[in-house]
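A.B. asks: The structure that follows is given in the form of structure tokens.
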Amino acid sequence: MKKYRIGIVGATGAVGQEIIHLLEKREFPVAEARLLASSRSAGREIQACGNLEVVKETNSDSFKNLDIAIFSAGSQNTVTFADAARKSDCVVIDNSSAFRMDKDVPLVIPEINGDALESHKGIIANPNCSTAVALMGLYPLHKRFGLKRFFASTYQAVSGAGAEGVTELENQVKNQISNEPSPPPPDSDPVFQHPIAFNLIPHIDDFREDGYTKEELKMRNETRKILGIPSIQVSCTCVRVPVLRAHSISINAEFDSPVNVPDARTTLENFEGVELWDLPNALRYPMPINYSEKELCGVGRLRLDHGFSNGLAFWVVGDQLWKGAALNAVQIAEELISRKCLKNL
Ligand code: A2P
């Protein structure tokens, strides 16, 4: 079997570590795993795909003789290094928002629009974590009933803000439980603008003039691009919650055709990547605790929506570090190989 040389930019971060784990777990055919990060981590040794690898500082030569580079180091680093990767004929799969809305860059969830990979020009974007999880529930229903518009409220875990977000929540919880005086302010800025332990913060990313945050607009704009429905109406509120891992989203969706719950259940049950976990009387509904480190997204609380004529309300949960980032990126790499579109540009 042919094996591939993979670079991981941001290999020391929350998503990078999951990418390494998933390449191993899914037995991705790796010929070389090149671990790239900032100068801070250069020289660190990390076990990856059967070898002890030394982390290297990312520079424009880092992509020579690589087939694929998966970037999870923030938009600025993608912008800085993506061209160097393309010049080395290395296909970029990017977890940041840098190129998601670029018309020449496919924005892909393999179960939904894997065919968009056929026209890539060297960069492929991974969707925003909440959008990916929401669309895993919405897309099969859209195929069956025709999506008209939807409202979403997200409950986003702290690991969505990187490894430092997790540390911040853990430290705040420890300090509050032990009744210790507040620690001195950290040298670096806190990750969250307000306490996150025992709190909710209805604010992720910058506010825009219309009162929405950039994160909330991603749900609308990326949905339009992935589903190929430029006119779809979406209103979203994104909330950071004191959960370590897995994002949850409450969705109220209106459809073109009449809906019914039995058909909606069958549709969801038959969709790859989704698990219907919906027995409310047995207290069975998806929760972040059950969907952490799980490849499937869970859908539950499915019911007719009293707010619309053709409406469904449901709750979808998925590991945002996996389906919202690392897993989706590794699936894109697998799909590029199976579709034979890992070509030089
Ligand atoms: P480093 O650990 O050397 O800072 P997270 O999202 O968990 O905060 O992780 C961010 C990732 O992005 C880390 O692996 C981090 O590496 C990496 N990173 C940050 N700055 C750069 C840079 N200038 N070049 C390459 N990788 C970077």
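A.B. asks: On the protein heavy atoms, probe 1.4 angstrom, tell me the percent of accessible surface of the chain carried by carbon and sulfur.
C.D. replies: 49 percent
A.B. asks: Let me make sure I get this right: for the chain, a, b and c are the square roots of the gyration tensor eigenvalues over alpha carbons, sorted descending. Under 1.5 in a/c it's rounded, otherwise prolate if a/b > b/c, else oblate. Which is it?
C.D. replies: oblate
A.B. asks: Please report the accessible area of residue 115 (heavy atoms, 1.4 Å probe, ligands and nucleic acids excluded) in Å², nearest 10.
C.D. replies: Spelled out: residue 115, probe radius 1.4 Å, area about 100 Å².
A.B. asks: Given R₀ = 30 Å, what would the calculated FRET efficiency be for residue 180 paired with residue 239, taking r from the Cβ atoms and rounding to 0.05?
C.D. replies: The pair residue 180/residue 239 has a calculated efficiency of 0.60.
A.B. asks: Compute the separation of the alpha-carbon centres of segment 91-163 and segment 197-213 and state it in Å as a whole number.
C.D. replies: Between the Cα centre of segment 91-163 and that of segment 197-213, the gap is 21 Å.
A.B. asks: Once Lys and Arg get +1 and Asp and Glu get -1 on their Cβ, which of 188, 145, 47 lies farthest toward the positive end of the dipole of the chain?
C.D. replies: About the Cα centre, the residue reaching furthest to the positive side is 145.
A.B. asks: Moving on. Count charges around residue 55 for me, please; just the other residues with Cβ under 13 Å from its Cβ, Lys/Arg as +1, Asp/Glu as -1.
C.D. replies: Charge balance near residue 55 sits at +1.
A.B. asks: Go ahead and set up a Gaussian network model of the chain, Cα springs under 10 Å, then flag whichever of 135, 52, 107 fluctuates most.
C.D. replies: Looking only at 135, 52, 107, the largest GNM fluctuation is found for 52.
A.B. asks: Could you work out which residue, out of 140, 202, 262, moves most in a Gaussian network model of the chain, that is, has the largest mean-square fluctuation with Cα springs under 10 Å?
C.D. replies: Answer for the Gaussian network model of the chain: 262.
A.B. asks: Which entries in the list 214/294; 225/340; 64/294; 56/225; 56/343 go over 31 Å, if you measure between the two C-alpha atoms of each?
C.D. replies: 64/294; 56/225
A.B. asks: Moving on to the next point. Run through the DSSP bridge list for segment 269-318 and note the antiparallel percent, rounded to the nearest 5.
C.D. replies: Given both bridge residues lie in segment 269-318, the antiparallel proportion sits at roughly 65 percent.
A.B. asks: Sequence neighbours fewer than 8 away in the same chain don't count; with that in mind, list the aspartates and glutamates whose C-alpha is under 16 Å from residue 103.
C.D. replies: Straight-line reach from residue 103, under 16 Å: 94, 115, 118, 222.
A.B. asks: Can I ask one more? Using helices alone, I'd like the mean residue ellipticity at 222 nm for the chain: each DSSP H run of four-plus residues gives -39500 (n - 2.57), total over residue count, nearest 500.
C.D. replies: So the calculated ellipticity at 222 nm is -9000 deg cm²/dmol.
A.B. asks: Starting from the Cα gyration tensor of segment 277-333, take the square roots of the eigenvalues, sort them a ≥ b ≥ c, and report rounded, prolate or oblate (rounded when a/c is under 1.5, otherwise prolate if a/b is larger than b/c, else oblate).
C.D. replies: Since a/c reaches 1.5 but b/c is at least a/b, the shape of segment 277-333 is classed as oblate.
A.B. asks: Sticking with this structure for a sec: Write down the accessible area per residue of the chain in Å², having rolled a 1.4 Å probe over the full set of protein chains.
C.D. replies: With the other protein chains kept in place, the chain gives 46 Å² per residue.
A.B. asks: Here is a further query. Within the chain, what is the longest stretch that has no GluC sites (Glu not before Pro) placed in a DSSP loop and near at most 11 other beta-carbon atoms within 10 Å?
C.D. replies: 28-208
A.B. asks: Additional query: Using a Gaussian network model on the chain with a 10 Å cutoff between Cα atoms, which of 59, 252, 51 fluctuates the most?
C.D. replies: Of the options given, 51 has the highest mean-square fluctuation.
The values are calculated or read from the model by the stated rules, or taken from the named source; none is laboratory data. The model shown is predicted, which means the values in this text are computed figures rather than measured ones. Note that each Cβ is placed from the backbone with ideal geometry, even for glycine, and that neighbours are counted across all protein chains shown. To get the accessible areas, we keep the full protein, side chains included, count just its heavy atoms, and leave off ligands, DNA and RNA. Shrake-Rupley method; radii C 1.70, N 1.55, O 1.52, S 1.80 Å.
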